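This report refers to the structure that appears directly beneath it.
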Ligand code: UDP
């Protein structure tokens with residue numbers, strides 16, 4: 001019996017990550033199939049040349065082992081699906097593009113997706129289901145929680161701590177902290193695209209602009 005790999009989500013995020021998944025699989029083991037899972041599908045079809053099915057149909061597939069990359073940008077949805085996969089004893093699959101650079105002592109937990117041109121430097125710890133989109137980087141001594149999302153081109157400098165479910169928008173840059181006083185992005189915080197973050201961001205808020213400031217809820 002063969003292994004079966006899947007990209008969960010067949011919308012924008014998933015269709016982009018499928019190409020990354022093929023590169024990952026070519027490095028791991030030739031010949032296995034990668035399918036899309038999307039719960040909006042009522043029957044098995046084709047998306048960009050891959051079989052596509054809902055989760056129930058994926059469960060019904062016969063395979064010795066099943067691996068899933070959750071390719072959905074919304075981190076709360078990623079967490080919900082990760083919990084469901086764990087309950088069903090299906091493994092999270094980490095994928096990275098061929099040209100990703102990962103330096104020394106970078107611990108990246110299961111389920112990550114590192115898109116083309118991402119760089120993860122040295123002495124870094126990253127939690128479950130991290131998404132780093134095109135051209136993002138993570139510099140030395142950063143600690144990143146679970147279900148964190150980087151849109152394309154995020155510049156995360158050294159000694160920054162990013163807590164669970166934070167979302168960093170495209171092109172945002174975050175000032176480096178120090179070993180004694182890391183710059184902290186709190187749980188569930190949102191950093192708007194292009195923001196220049198010069199100081200810590202509290203949990204749950206949205207910041208935008210240069211220098212980044214909290215957007216007050218209306
Ligand atoms: N989706 C799913 N199961 C869920 C939640 C979402 O299959 O429990 C699918 C949904 O049908 C959609 C995709 O995930 O096709 C999410 O796509 P969206 O356009 O919202 O965002 P993306 O993450 O691709 O940017």
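Derivation of every value follows stated rules applied to the coordinates shown; laboratory data play no part. Only a predicted model underlies this, so the values are computations on that prediction, with no experimental measurement involved. Glycine also receives a Cβ, built like all others from the backbone with ideal geometry; neighbour counts cover every protein chain displayed.
Is it true that residue 105 is surrounded by fewer than 22 Cβ atoms within 10 Å (Cβ to Cβ) and within 16 Å of the ligand (Cβ to nearest atom)?
Numbers: surrounded by fewer than 22 Cβ atoms within 10 Å (Cβ to Cβ): yes; within 16 Å of the ligand (Cβ to nearest atom): no.
Spelling it out, it is not the case that residue 105 is surrounded by fewer than 22 Cβ atoms within 10 Å (Cβ to Cβ) and within 16 Å of the ligand (Cβ to nearest atom).
In this structure, does residue 96 turn out to be more than 16 Å from the ligand (Cβ to nearest atom) and touching a helix residue (DSSP H, G or I) at 6+ places or on another chain (Cβ under 7 Å)?
On the way: more than 16 Å from the ligand (Cβ to nearest atom): yes; touching a helix residue (DSSP H, G or I) at 6+ places or on another chain (Cβ under 7 Å): yes.
Spelling it out, residue 96 is indeed more than 16 Å from the ligand (Cβ to nearest atom) and touching a helix residue (DSSP H, G or I) at 6+ places or on another chain (Cβ under 7 Å).
Could you grab me the full set of residues in segment 1-18 that are away from the ligand (no atom under 14 Å from the Cβ) and assigned to a loop (DSSP other than H, G, I, E, B)?
Hits for segment 1-18 are 1, 2.
With the structure loaded, tell me whether residue 116 is farther than 24 Å from residue 202 by Cα and not in a strand (DSSP E or B) or whether it fails that test. Step through it out loud before you land on a result.
Numbers: farther than 24 Å from residue 202 by Cα: yes; not in a strand (DSSP E or B): yes.
Considered against the rule, which asks whether it is farther than 24 Å from residue 202 by Cα and not in a strand (DSSP E or B), residue 116 comes out as yes.
With 116, 202, 152 as the choices, which residue is touching a residue at least 40 places away in the same chain (Cβ under 8 Å) and either crowded, with 23+ Cβ neighbours inside 10 Å or closer than 23 Å to residue 78 by Cα (or both)?
On the way: 202 fails: touching a residue at least 40 places away in the same chain (Cβ under 8 Å); 152 fails: touching a residue at least 40 places away in the same chain (Cβ under 8 Å).
The match here is 116.
Does residue 110 satisfy the condition of being touching a strand residue (DSSP E or B) at 6+ places or on another chain (Cβ under 7 Å), away from the ligand (no atom under 16 Å from the Cβ) and free of Cβ contacts under 8 Å to residues at least 60 places away in the same chain?
Details: touching a strand residue (DSSP E or B) at 6+ places or on another chain (Cβ under 7 Å): yes; away from the ligand (no atom under 16 Å from the Cβ): yes; free of Cβ contacts under 8 Å to residues at least 60 places away in the same chain: yes.
Considered against the rule, which asks whether it is touching a strand residue (DSSP E or B) at 6+ places or on another chain (Cβ under 7 Å), away from the ligand (no atom under 16 Å from the Cβ) and free of Cβ contacts under 8 Å to residues at least 60 places away in the same chain, residue 110 comes out as yes.
Across segment 119-136, what is the number of residues that are crowded, with 18+ Cβ neighbours inside 10 Å and assigned to a strand (DSSP E or B)?
Qualifying residue count for the region: 5.
For segment 68-87, give me each residue that is more than 7 Å from the ligand (Cβ to nearest atom) and more than 10 Å from the chain's Cα centre (by Cα).
If the condition is that a residue be more than 7 Å from the ligand (Cβ to nearest atom) and more than 10 Å from the chain's Cα centre (by Cα), then 68, 76, 79, 82, 83, 84, 85, 86, 87 are the ones that fit.
Would you mind finding the one in 26, 40, 21 that is away from the ligand (no atom under 15 Å from the Cβ) and under 23 Å from the mean Cα position of the chain (by Cα)? Outline the logic, then answer.
Numbers: 40 fails: away from the ligand (no atom under 15 Å from the Cβ); 21 fails: away from the ligand (no atom under 15 Å from the Cβ).
Step by step, each of 26, 40, 21 is checked, and only 26 is away from the ligand (no atom under 15 Å from the Cβ) and under 23 Å from the mean Cα position of the chain (by Cα).
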